[in-house]
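Asker: What follows is a single structure, and I will ask about it in a moment.
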Amino acid sequence: MIISCPHCGPRDSSEFYFRGEATPTRPEYDAGTAAATGYVYGRINPAGPQKEHWYHAAACRSWLLVERDTRTHKFLSVTLASEQGR
Amino acid sequence: MTRLPAGGLIDRGKPIAFRFNGRTLTGFSGDTLASALIAHDVKIVGRSFKYHRARGILTDGIDEPNALVTLGSGARAEPNCRAPSVELFDGLEAYSQNCWPSPNFDLMAINGLLSRIFVAGFYYKTFMWPAALWEKLYEPLIRRAAGLGRLSGDPDPDTYDRSHAFTDLLVVGSGPAGLSAALCAARGGLRVLLIENDSRVGGRLLSQRYKVDGELGTAWADAALKELVANERVTILTRTSLFGAYDDKSFAAVERVSDHLPGAAIGRPRQRYWKIVAAQAIFATGATERPIAFGGNDRPGVMMASAIQTYINRYAVAPGKRAAIFTVCDTGYEVAADLAAAGVDVAAVIDARRQPGRSLAFAPAISGEIVRTFGKSLTAIEVRRYDGGVERIAVDLLGMAGGWNPNIGFASHLGNRPDWNESLQAFRQEKLSDGMMFAGAADGALTLTDALASGEAAAARVMSPASSMPPIGTSAQASPHVVRAIGQKVFVDFQHDVTVEDILLADREGYRSVEHLKRYTTLGMATDQGKAGQVLGHAVLAQHRGVEMAAVGTIAARPPHTPVAIGALAGMHRGEHLKPVRLTPTHCWAAENGASFVNAGLWKRAQWFTRAGDADWLASAVREAKAVRSAVGICDVSTLGKIEVEGPDAALLLDRLYANMMSTLPVGKCRYGLMLREDGFVFDDGTVARLDESRYVITTTTVNAVAVMRHVDFALQVIWPDLRAHACSVTESWAQIAVAGPQSRALLQDLLPDIDLSNETFPFMGAVAGTWDGIPMRLFRLSFSGELAYEIAVPTNHGDALVRTLARLGQTYGCTPYGLEALGILRIEKGHVAGGDLNGQVTAHDLGLGRMLSRKKDFIGRAMAERPMLVDPGRQALVGLKPVDPTQRLSAGSHLFRSGAAHVAGESQGHVTSVAYSGVFDQWIALGVLAHGPQRIGEVIVAASPMRGTRIEVEVCNPVFFDAAGERLRA
Ligand SMILES: [Zn+2]
């Protein structure tokens, strides 16, 4: 698979670390155990487009927010996670 | 000799000597092993997998299921090589497989008589009971009797290379469609990579006598090659097999660099593994001729008609003297004509279609079927005419022209199943992944004219997706042909000895899905993946059940398309090159001082330093630990991860990363820090030093250096991108040496005369940045050993000088280098957790560090760490353990049991996580986790290791064995 890093361009997936399905915003401690449990363990695991976190470990060390179709491994979008919502 | 007097693409001026089963034979340059054997009238090449039936050469290429040989000998012996795709070279040695003592007289042929037990599903039926005998008796027996060739068991002596290729267009196959596609795309300016499995380009043009543009097909192919070679945007790889299609337009291939050269090629790899990324790929992979199912269709002398054509035209060898062709398509007649032109007597063409294709001038065309064959190798066939007559015809060569299956397996590597095409009477790939298309015979365009046009159309579509080039239709064929058997085995999968009867049996027993059929009968599960016979097998099932082929479907092909040597995949990553090696800055000094090294991740760390008089490694380690307790020791700790964190919000970031408070740490101080994972369990531990208001350097354990950096980046970029802080790994930038022991202050004061190291100005947990000999230096008063101790860091390239200076100055103080084993002893004596104690399943409470969890702030893992089960006092928690009999030796991994409890998994209350021989106490001591551990100090329990067969009574004690008050480290 090839992932287009916004910094480094199209690179082989072996340069990246796959963290898994991108979780929603981390709840503050005050939000309680249920919210924390959902954040840590709750996953949608869709058959289809999925938002994921990948880390360009062997190069720029950017965490990427990636949208990938789990059925075809097609990458639909790649953005810097730090720019999410900006 | 059956070499034809003229013709062929062989060089008669270059004879080649080779050995087959010990006999020296000769062929010509341009021959394959198969064509050279045919030239010597070798009919029986090996024996079959299950029944040990005599088998000859069936095909002319990679789909060969019968003529499998072992090439070479000793460590280079390679089993299961397909004789038709082995290029002949001087000194080649080949051996038949599956036969003893020889392929002509094989004692194991008795399996054929026992064929009733070798029916479909025999693995499941015959040997169901008793299960215990399976492993010891049945399986070895079957493997010896039925099986493929053997590996030498020796290390592979050859070298393998790896390359990467990036291209606009990958063309797989250099037959008419592939060449025309490559020409068209190259003329259009694309970068083209053309891959051909054969040693020369041309595909079927090399086997046929067709003309293209008025010239012989081979001449046209040579001209095309010349044009492509001259184009600098084109790369051509011959002798290269594509074996897999992967996600995102990646492909894998193996180039046989020196397999075809005499002797072990010096200075060249044997093979080269290619990883290819191609924006577009055209698969001009041709079609495979399918056999016809009739009695005795596996007899040596029965060949694919297309293979006969190849042997006659390309290699100028005649596989027989008197031939017949059994056909369901017009190509059978072409082969008959080629045989006649080569001077071979053609006895008949038997056409199984109800309307025969044509009549021949040189032989009778019979409308009918072959029902049986005769001879050890073929001597005669029995033909049943549709008009009622039965006749026996003496022939020693029979060609099967059963129609063509497009080679579309690569599409299903990406999960795309093919569709049955009714007019083509074959599976065709309709659904395609982005960037992949089929052309020529692989797309059902079976005639030469159509194949050329199809290749061109595919290339045009690559260059302009909206191209108006009309799609080339598929050819029409007769259905796969199955003759009702009379008394003789009818094979569909030659390599795995699967017969029509096996398929009918599987159907009777309910294994009707092709996926079940495959596993029950092993149809298509051999090394050839059923390239020749699998579709025929599925046709048998369809015709028997009276359903359409479309309803039966077919099996997905999977990588590798053809077998690949493991060595080619490993490439240069073997032996010491399997992983990179990281050396510490003091490696050379350590080696000079007798260090033995151990792998710690990729690092080589000094494990102990052998000195004259040390009885063994344990004696060395105990001596080193004692030196630290009594004088001073030095140890390279550069492998610990080091991360610098900087910025106005650095303190806030560290508060969120660590379970304990870091923002309150004064400048010039260090603090022990504990990191949790978000799920509440312990992730890593280390130290945090505050160098100035907004600048920290943190350490991680050696193993987690990379993971912690990733974790810090995640926190900074994903969770809290608004924090004004930056982090950077400086692990490789600093050499860090622990200087530990009562004399450490004196030694360091000699090294750093300008810094006051007295306890008052530089107390325990102090941190200072300064210079040593004009070089930047950082000094931390940290202690892992429990002694008065420091860690001193200098830029990596000065690490060697630093350690040598310390060793020299330390001579006065009895300074001793110590390694990881001594480090382990020292930290276990102090109850410091590391390595095996931190296995990802322990909480801060489990380690007795629950007090460190701050209640004043949010931090990663806080919410989940407070879950009831994670703070349950019944959890297995850290304790010290010492044998009741001090002479006994503890072993890590032993399970802990209540005294008197059965030593079974359900009774286990914990386990031993670290052990050490303590020189201070003169006995083995250990750390472990034990249910309700802290409440059981003084209890005697049992540590049992079923692996080692040991059971030792141990006393539960405080994990801090030595100087529990911590006076020494504050001295
Ligand atoms: Zn990058």
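The values are calculated or read from the model by the stated rules, or taken from the named source; none is laboratory data. Note that the structure is a prediction, hence the values are computed from the model and not measured. A quick note on method: Cβ atoms are made from the backbone with ideal geometry, for glycine too, and the neighbour counts reach across all protein chains shown.
Asker: Could you go through segment A:58-77 and let me know if any residue there is away from the ligand (no atom under 16 Å from the Cβ), over 22 Å from B:LYS249 (Cβ atoms), within 8 Å of another protein chain (Cβ to nearest Cβ) and out of contact with any Ser or Thr (no Cβ under 6 Å at 6 or more places or on another chain).
Answerer: no
Asker: Looking at segment A:44-63, I want the residues that are closer than 17 Å to B:VAL718 by Cα and of a type in the set (A, V, I, L, M) and have a partner that is within 15 Å of the ligand (Cβ to nearest atom) and part of a loop (DSSP other than H, G, I, E, B) with Cβ atoms under 8 Å, at least 6 apart or on another chain. Which pairs are those?
Answerer: A:ALA57/A:PHE16
Asker: Limited to segment A:30-86, what total is found for residues that are assigned to a helix (DSSP H, G or I) and under 13 Å from the mean Cα position of the chain (by Cα)? I'd like the intermediate steps shown before the answer.
Answerer: Taking segment A:30-86 and keeping what is assigned to a helix (DSSP H, G or I), we get A:30-31, A:33-41, A:81-83.
Pick out the ones that are also under 13 Å from the mean Cα position of the chain (by Cα) and you get A:81-83.
Qualifying residue count for the region: 3.
Asker: Taking B:SER914 as meeting all but one of (1) touching a helix residue (DSSP H, G or I) at 6+ places or on another chain (Cβ under 6 Å); (2) modelled with pLDDT under 95; (3) hydroxyl-bearing (Ser, Thr, Tyr), write down the number of the exception.
Answerer: Only one criterion is unmet by B:SER914, namely (2).
Asker: Report those strands (runs of 3 or more DSSP E) wholly inside segment B:716-797 carrying at least 3 residues which are in the same structural domain as B:ALA631 (by TED's automatic domain parsing) and more than 44 Å from the chain's Cα centre (by Cα). Step through it out loud before you land on a result.
Answerer: Details: elements: B:726-729, B:734-740, B:767-772, B:775-780, B:789-795.
Of the strands (runs of 3 or more DSSP E) lying wholly inside segment B:716-797, those with at least 3 residues that are in the same structural domain as B:ALA631 (by TED's automatic domain parsing) and more than 44 Å from the chain's Cα centre (by Cα) span B:767-772, B:775-780.
Asker: Looking at (1) within 14 Å of chain A (Cβ to nearest Cβ); (2) touching a helix residue (DSSP H, G or I) at 6+ places or on another chain (Cβ under 6 Å), can you tell me which one B:VAL706 breaks?
Answerer: It is condition (2) that B:VAL706 fails.
Asker: If I filter segment B:884-900 for residues that are free of Cβ contacts under 8 Å to residues at least 24 places away in the same chain, at negative phi and among the polar types (S, T, N, Q), do I get at least one hit? Please lay out each step first, then the result.
Answerer: Going residue by residue through segment B:884-900, those that are free of Cβ contacts under 8 Å to residues at least 24 places away in the same chain are B:900.
Still in the running and at negative phi: none.
No, segment B:884-900 contains no residue that is free of Cβ contacts under 8 Å to residues at least 24 places away in the same chain, at negative phi and among the polar types (S, T, N, Q).
Asker: Against the condition at pLDDT below 95 and either within 16 Å of the ligand (Cβ to nearest atom) or in contact with a strand residue (DSSP E or B) (Cβ under 8 Å, 6 or more places away or on another chain) (or both), how does A:GLN84 come out, does it pass? Step through it out loud before you land on a result.
Answerer: Working: at pLDDT below 95: yes; either within 16 Å of the ligand (Cβ to nearest atom) or in contact with a strand residue (DSSP E or B) (Cβ under 8 Å, 6 or more places away or on another chain) (or both): yes.
Yes; evaluated as a whole, the condition is true for this residue.
Asker: Since B:TRP734 meets every condition but one in (1) surrounded by 21 or more Cβ atoms within 10 Å (Cβ to Cβ); (2) of a type in the set (Phe, Trp, Tyr); (3) within 14 Å of another protein chain (Cβ to nearest Cβ), which condition does it not meet?
Answerer: (3)
Asker: Just give me the residues in segment B:65-89 being modelled with pLDDT under 95 and acidic (Asp, Glu), in sequence order.
Answerer: The answer is B:GLU78, and nothing else.
Asker: Okay, next question. Quick test of your reading of the structure: B:LEU170 fulfils all but one of (1) closer than 23 Å to B:PHE438 by Cβ; (2) touching a helix residue (DSSP H, G or I) at 6+ places or on another chain (Cβ under 9 Å); (3) outside any helix (DSSP H, G or I). Name the failing condition by number.
Answerer: Single failed check for B:LEU170: (2).
Asker: Consider segment A:40-57. How many of its residues are over 16 Å from A:CYS8 (Cβ atoms), facing another protein chain (nearest Cβ under 8 Å) and within 16 Å of the ligand (Cβ to nearest atom)?
Answerer: So the answer is 1.
Asker: Working only within segment B:922-941, note down all residues that are surrounded by fewer than 21 Cβ atoms within 10 Å (Cβ to Cβ) and either part of a helix (DSSP H, G or I) or out of contact with any Pro (no Cβ under 8 Å at 6 or more places or on another chain) (or both).
Answerer: Within segment B:922-941, B:ALA931, B:PRO934, B:GLN935, B:ARG936, B:ILE937, B:GLY938, B:GLU939, B:VAL940 meet the criteria.
Asker: Does A:ARG26 count as away from the ligand (no atom under 16 Å from the Cβ), in contact with a strand residue (DSSP E or B) (Cβ under 6 Å, 6 or more places away or on another chain) and in a loop (DSSP other than H, G, I, E, B)?
Answerer: On the way: away from the ligand (no atom under 16 Å from the Cβ): yes; in contact with a strand residue (DSSP E or B) (Cβ under 6 Å, 6 or more places away or on another chain): no; in a loop (DSSP other than H, G, I, E, B): yes.
No.
Asker: Sticking with this structure for a sec: Suppose we filter B:ASP754, B:ASP750, B:ASP713, B:ASP685 for residues that are touching a helix residue (DSSP H, G or I) at 6+ places or on another chain (Cβ under 8 Å) and of a type in the set (D, E, K, R); which single one remains? Can you show your working first?
Answerer: Numbers: B:ASP754 fails: touching a helix residue (DSSP H, G or I) at 6+ places or on another chain (Cβ under 8 Å); B:ASP713 fails: touching a helix residue (DSSP H, G or I) at 6+ places or on another chain (Cβ under 8 Å); B:ASP685 fails: touching a helix residue (DSSP H, G or I) at 6+ places or on another chain (Cβ under 8 Å).
None of the others qualify; the one that does is B:ASP750.
Asker: Okay, next question. Quick check: anything in segment B:267-283 within 23 Å of B:TRP404 (Cβ to Cβ), modelled with pLDDT of 95 or more and not aromatic (Phe, Trp, Tyr)?
Answerer: Taking segment B:267-283 and keeping what is within 23 Å of B:TRP404 (Cβ to Cβ), we get B:281-283.
Adding the requirement that they be modelled with pLDDT of 95 or more leaves B:281-283.
If we keep only those that are not aromatic (Phe, Trp, Tyr) too, we end up with B:281-282.
Checked against the condition, which is being within 23 Å of B:TRP404 (Cβ to Cβ), modelled with pLDDT of 95 or more and not aromatic (Phe, Trp, Tyr), segment B:267-283 yields at least one hit.
Asker: Now a separate question. Considering only strands (runs of 3 or more DSSP E) fully contained in segment B:207-260, which possess at least 1 residues that are touching a His at 6+ places or on another chain (Cβ under 8 Å) and within 14 Å of chain A (Cβ to nearest Cβ)? Don't jump to the end; show me each part of the working.
Answerer: Details: elements: B:234-237, B:240-246, B:250-256.
It comes to B:240-246.
Asker: Give segment B:874-889 a look and list any residue that's in a strand (DSSP E or B) and either touching a helix residue (DSSP H, G or I) at 6+ places or on another chain (Cβ under 9 Å) or among the aliphatic types (A, V, I, L, M) (or both), or say none. It would help to see each step written out before you state the result.
Answerer: Of the residues in segment B:874-889, the ones in a strand (DSSP E or B) are B:876-883.
Hits for segment B:874-889 are B:GLN876, B:ALA877, B:LEU878, B:VAL879, B:GLY880, B:LEU881.
Asker: Could you grab the pairs with beta carbons closer than 7 Å, sequence gap of 6+ or different chains, first residue in segment A:17-39 and at the interface with another protein chain (Cβ under 9 Å from one of its Cβ atoms), second one of a type in the set (Asp, Glu)?
Answerer: Close Cβ pairs satisfying both conditions: A:ALA22/A:GLU52; A:GLU28/B:ASP858; A:TYR29/B:ASP858.
Asker: With respect to B:PRO480, determine if the residue is in contact with a Leu (Cβ under 7 Å, 6 or more places away or on another chain) and assigned to a loop (DSSP other than H, G, I, E, B).
Answerer: On the way: in contact with a Leu (Cβ under 7 Å, 6 or more places away or on another chain): yes; assigned to a loop (DSSP other than H, G, I, E, B): yes.
Yes, satisfied.
Asker: Turning to a different aspect of this structure: As an exercise: evaluate B:LEU398 against (1) over 24 Å from B:GLN477 (Cβ atoms); (2) crowded, with 21+ Cβ neighbours inside 10 Å; (3) of a type in the set (A, V, I, L, M, F, W, C) and give the number of the one condition it does not meet.
Answerer: Unmet for B:LEU398, out of (1) over 24 Å from B:GLN477 (Cβ atoms); (2) crowded, with 21+ Cβ neighbours inside 10 Å; (3) of a type in the set (A, V, I, L, M, F, W, C): (1).
Asker: How many residues does segment B:24-59 contain that are modelled with pLDDT of 95 or more and either under 32 Å from the mean Cα position of the chain (by Cα) or in a strand (DSSP E or B) (or both)?
Answerer: 12
Yes/no per residue for (1) under 23 Å from B:PRO666 (Cα atoms); (2) in contact with a Gly (Cβ under 9 Å, 6 or more places away or on another chain); (3) of a type in the set (Phe, Trp, Tyr); (4) modelled with pLDDT of 95 or more:
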{"position": "B:THR731", "(1), (2), (3), (4)": "no, yes, no, yes"}
{"position": "B:LEU747", "(1), (2), (3), (4)": "no, yes, no, yes"}
{"position": "B:LEU752", "(1), (2), (3), (4)": "no, yes, no, yes"}
{"position": "B:ASP756", "(1), (2), (3), (4)": "yes, no, no, yes"}
{"position": "B:GLY766", "(1), (2), (3), (4)": "yes, yes, no, yes"}
{"position": "B:TRP772", "(1), (2), (3), (4)": "no, no, yes, yes"}
{"position": "B:PRO776", "(1), (2), (3), (4)": "yes, yes, no, yes"}
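Asker: Looking at segment B:607-656, which of the residues that are under 15 Å from B:VAL739 (Cβ atoms) and in a strand (DSSP E or B) is farthest from the chain's Cα centre (by Cα)?
Answerer: Applying the filter and picking the extreme gives B:VAL632.
Asker: In addition: Among the numbered criteria (1) part of a loop (DSSP other than H, G, I, E, B); (2) of a type outside the set (A, V, I, L, M, F, W, C); (3) within 16 Å of the ligand (Cβ to nearest atom); (4) facing chain B (nearest Cβ under 8 Å), which single criterion is violated by A:HIS7?
Answerer: In the conditions (1) part of a loop (DSSP other than H, G, I, E, B); (2) of a type outside the set (A, V, I, L, M, F, W, C); (3) within 16 Å of the ligand (Cβ to nearest atom); (4) facing chain B (nearest Cβ under 8 Å), A:HIS7 misses (4) alone.
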